[in-house]
Structure formats: C-alpha cells, structure tokens
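Quick note: the coordinates plus some simple rules give every number you see, no bench work behind them. Please read these numbers as outputs of a predicted model, since none were measured by experiment. Here the Cβ is made from the backbone with ideal geometry for all residues, glycine too, and neighbour counts use every protein chain on show.
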Amino acid sequence: MHMSGFMLSALALTGCGEDLKLTVTPVKNVESVQVTDLNQLDVYCQTGICQFDVTANQRANITVNMHYSGSRAFEKIEGVSVTGKLGSSVVMVDENTFTLDISGEPEPSKLLVVDYYR
C-alpha cells in the first residue's frame, strides 16, 4: 500500500519541561502544513475538506488556521470532527481558526475539517 503525503514535526520550548514536539500527518487533501508559532499550525487544503492527524509528546493546546492557498483562508469552517482523547476540546476562534487540546499520548488526534463555502 502506497501512502502519499508528508509528516511535519516541530519543536517548541514550553516552560520548565521538555520541548514540545508536534507531528502532523496528512491523511487526505492536505497540500502543506506550516508551523507559524510555538503551538500554531497553518494547514493548506485546496478542496475545502481535509483530514490530518496530530500528535504531541506532551499535552498541549494548539491553534489551527485553515487555508485554501497562501492568498485565501477558509471562509467559514462548517465543522471540525476530532477522534481521539480530548476531542471535545475544540473551540472556534473565528471563521478559519480553531484551538484544541492534544493529549500527549502516542495515539494521534484525527481531524476532519470542512469549509462551508467549499
């Protein structure tokens, strides 16, 4: 079985503990992912519907910004579905941004994000 895509890992300093390590693995329709701040991700998804997995080496709250391209953000997120521990922690910040808690366990949080105007 061939799986296309990529995995992104990022390190961030977090207080007196060990460094935070986020790993993002695209599952479907993710063009790219960029880490723009310590706990912040920009996810690029041209179709308006995408799936990706996120893991961290420790519990963390992350912010996810959704984009179609570098010049166009999602217009209004219709839904964010999270499977995994702390999945109910999703909080919408604005039309294209949400936050969620990541458990820090090896099992990934599986995210499905859908834009209303896709």
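A few comments on the model shown:
- Given +1 at the Cβ of Lys and Arg, -1 at the Cβ of Asp and Glu and no other charges, the dipole of the chain around its Cα centre is 220 debye to the nearest 20.
- Taking θ as phi - 60° and the Karplus parameters 6.51, -1.76 and 1.60, the scalar couplings of segment 26-38 work out to x, 10, 8, 6, 8, 7, 6, 9, 10, 8, 9, 7, 3 Hz in sequence order, x denoting glycine and proline.
- Per residue, the convex hull around the alpha carbon atoms of the chain comes to 101 Å³.
- Cα centre as origin, Lys/Arg/Asp/Glu Cβ charges: segment 65-109 dipole, Debye: 80
- Protection proxy ranking of 35-47, 76-88, 56-68 - average other beta-carbon atoms within 10 Å, highest first: 56-68, 35-47, 76-88
- Backbone phi angles across segment 66-81, fed through the Karplus curve with coefficients 6.51, -1.76 and 1.60 (θ = phi - 60°), yield HN-Hα couplings of 9, 9, 7, 8, x, 10, 9, 7, 4, 7, 6, 5, 7, x, 10, 10 Hz in residue order; Gly and Pro are listed as x.
- Put simply, the amide H of E105, placed in the peptide plane, has neighbours under 5 Å in A56, leaving out anything fewer than 5 places away on its chain.
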